[in-house]
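Beneath this line is the structure, given in structure tokens, with notes to follow.
Just so it is clear, none of the values below were taken in a lab; they were calculated from the coordinates. Given the structure is predicted, the values throughout are model-derived calculations rather than measurements. Glycine also receives a Cβ, built like all others from the backbone with ideal geometry; neighbour counts cover every protein chain displayed.
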Amino acid sequence: MAWNYKYVVPENKKVRVIVHTDCKNEADDQFALAHHLMTPKFDVKGIVAGHFWKNPQTYGMEGTAKASYDEIIKVLNLMGLEGKYPVLMGAATGMKDEETPVDSEGARFIIEEAMRDDERPLYIACQGAVTDVASALLIQPEIADRMTVIWIGGGDYPKGGFEFNLVMDIHAANVIFSSRVPLWQIPISLYKVMAVSLAELQLKVFPCGKIGEYLFRQMVDFNQAAAKYEAAWPHGEIWGLGDQGTIAVLMEEQEKVSYDLIPAPRVAEDMTYIHGQEYREIRVYQYLDARLTLEDFFAKLAINFS
């Protein structure tokens, strides 16, 4: 698709990106997927459909990755991007231990792109469980030196604790923490700064073509359906577009980026962090520019679909 921008991104400023998304788990992944695709700085090489098998909803524990796959196809079609990007099935479930990879199309695609002869950096934008990335690292460990993993997931430091993307596959998280792959982690309290109201989305997203209407309506529908569980989340009139964090860290001006470099921990069964592992250092982000990221998304949607 030819986007409607009156500017171009210099070729030497572009980066390769593989988007990894559990796109049907709830209602924010679709926004992040659309944002990645509309961002000319990103050369999106493919999209991997991730599982959410411990929250199977109506799809069954073995059917969540397929639900994500179908949702990715739907978003592409609504954006007029049918057949423009490879879409790969990820693992149906998490890993059974830290030594046994779950082979999948998604894991093999990550390996293939990482091993490609291309001078541009490769980023894996992980918006759910990291099963496929961990499996790719176990299948072909040398890819650790040929890509960077960005992960929306994990509890807050230093203690850790429950976090949805982590609970989907603690084994996979430990594989990545103990590997040498560069890791940029965006933990739970930080990704929640990407907050929006439904009124804001009605004003800024709903009018933007078929994709805008769908993004808004599927969030409203999910918000209504989730209310029956009478849990503290969702809150009724606001939502978090937390997966936009993968876009934020790749778009921010370098001097604004705020992160700590810490030795990677292990993760215990209760999802608390076990420090002192003598693993390599990872980035743990402390700041995301929510205004920049969300306004960029709203502007791109309006420019291309109004």
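Just so you know, in segment 123-151 the residues that are farther than 15 Å from A49 by Cα and of a type in the set (A, V, I, L, M) include one that is nearest to the chain's Cα centre (by Cα), and it is I150.
Of all residues in segment 40-56, how many are of a type outside the set (F, W, Y), touching a residue at least 60 places away in the same chain (Cβ under 8 Å) and closer than 18 Å to V87 by Cβ? Outline the logic, then answer.
Step one: of segment 40-56, the residues of a type outside the set (F, W, Y) are 40-41, 43-51, 54-56.
With touching a residue at least 60 places away in the same chain (Cβ under 8 Å) added as a condition, the list becomes 41, 43, 45-46, 48, 50-51, 54-55.
Now restrict to residues that are closer than 18 Å to V87 by Cβ: 43, 45-46, 48, 50-51.
Adding up the residues that qualify gives 6.
Quick one: in segment 146-156, of everything that is buried (at least 21 other Cβ atoms within 10 Å of the Cβ) and without any contact (Cβ under 8 Å) to a residue 40 or more places away in the chain, which residue is farthest from S189 (Cα to Cα)? Restricting to residues being buried (at least 21 other Cβ atoms within 10 Å of the Cβ) and without any contact (Cβ under 8 Å) to a residue 40 or more places away in the chain, the top hit is M147. Residues of segment 245-303 that are out of contact with any strand residue (DSSP E or B) (no Cβ under 8 Å at 6 or more places or on another chain), of a type in the set (S, T, N, Q) and either crowded, with 17+ Cβ neighbours inside 10 Å or in contact (Cβ under 8 Å) with a residue 60 or more places away in the chain (or both): T293 alone.
Go through segment 10-33 and give me each residue that's in a loop (DSSP other than H, G, I, E, B) and surrounded by 14 or more Cβ atoms within 10 Å (Cβ to Cβ). Selection gives K14, D22, C23, K24, N25, E26, A27, D28.
Within segment 195-204, can one find any residue that is hydroxyl-bearing (S, T, Y), surrounded by fewer than 16 Cβ atoms within 10 Å (Cβ to Cβ), over 26 Å from S104 (Cβ atoms) and over 17 Å from the mean Cα position of the chain (by Cα)? First the steps, then the outcome.
We begin by selecting, within segment 195-204, every residue hydroxyl-bearing (S, T, Y); these are 197.
Adding the requirement that they be surrounded by fewer than 16 Cβ atoms within 10 Å (Cβ to Cβ) leaves 197.
Now restrict to residues that are over 26 Å from S104 (Cβ atoms): 197.
Next, from what is left, pick out any that are over 17 Å from the mean Cα position of the chain (by Cα): 197.
Yes, the conditions are met somewhere in segment 195-204.
Only a single criterion out of (1) touching a residue at least 24 places away in the same chain (Cβ under 8 Å); (2) in a helix (DSSP H, G or I); (3) farther than 20 Å from G128 by Cβ is not satisfied by R180, namely (2).
Residues that are in contact with a Gly (Cβ under 6 Å, 6 or more places away or on another chain), at least 1 per element: which helices (runs of 4 or more DSSP H) completely within segment 184-293 meet that?
On the way: elements: 188-191, 198-204, 209-226, 245-251.
Per the criteria, 188-191.
Tell me, yes or no, whether segment 157-165 has at least one residue that is crowded, with 24+ Cβ neighbours inside 10 Å and either among the polar types (S, T, N, Q) or out of contact with any strand residue (DSSP E or B) (no Cβ under 6 Å at 6 or more places or on another chain) (or both). Checked segment 157-165: at least one residue is crowded, with 24+ Cβ neighbours inside 10 Å and either among the polar types (S, T, N, Q) or out of contact with any strand residue (DSSP E or B) (no Cβ under 6 Å at 6 or more places or on another chain) (or both). Scanning segment 167-182 for residues that are out of contact with any strand residue (DSSP E or B) (no Cβ under 7 Å at 6 or more places or on another chain) and closer than 18 Å to T21 by Cα gives V167, M168, D169, A172. Among the residues of segment 150-198, which ones are under 18 Å from L261 (Cα atoms), aliphatic (A, V, I, L, M) and out of contact with any Phe, Trp or Tyr (no Cβ under 7 Å at 6 or more places or on another chain)? If the condition is that a residue be under 18 Å from L261 (Cα atoms), aliphatic (A, V, I, L, M) and out of contact with any Phe, Trp or Tyr (no Cβ under 7 Å at 6 or more places or on another chain), then A173, I176, V181, I188 are the ones that fit.
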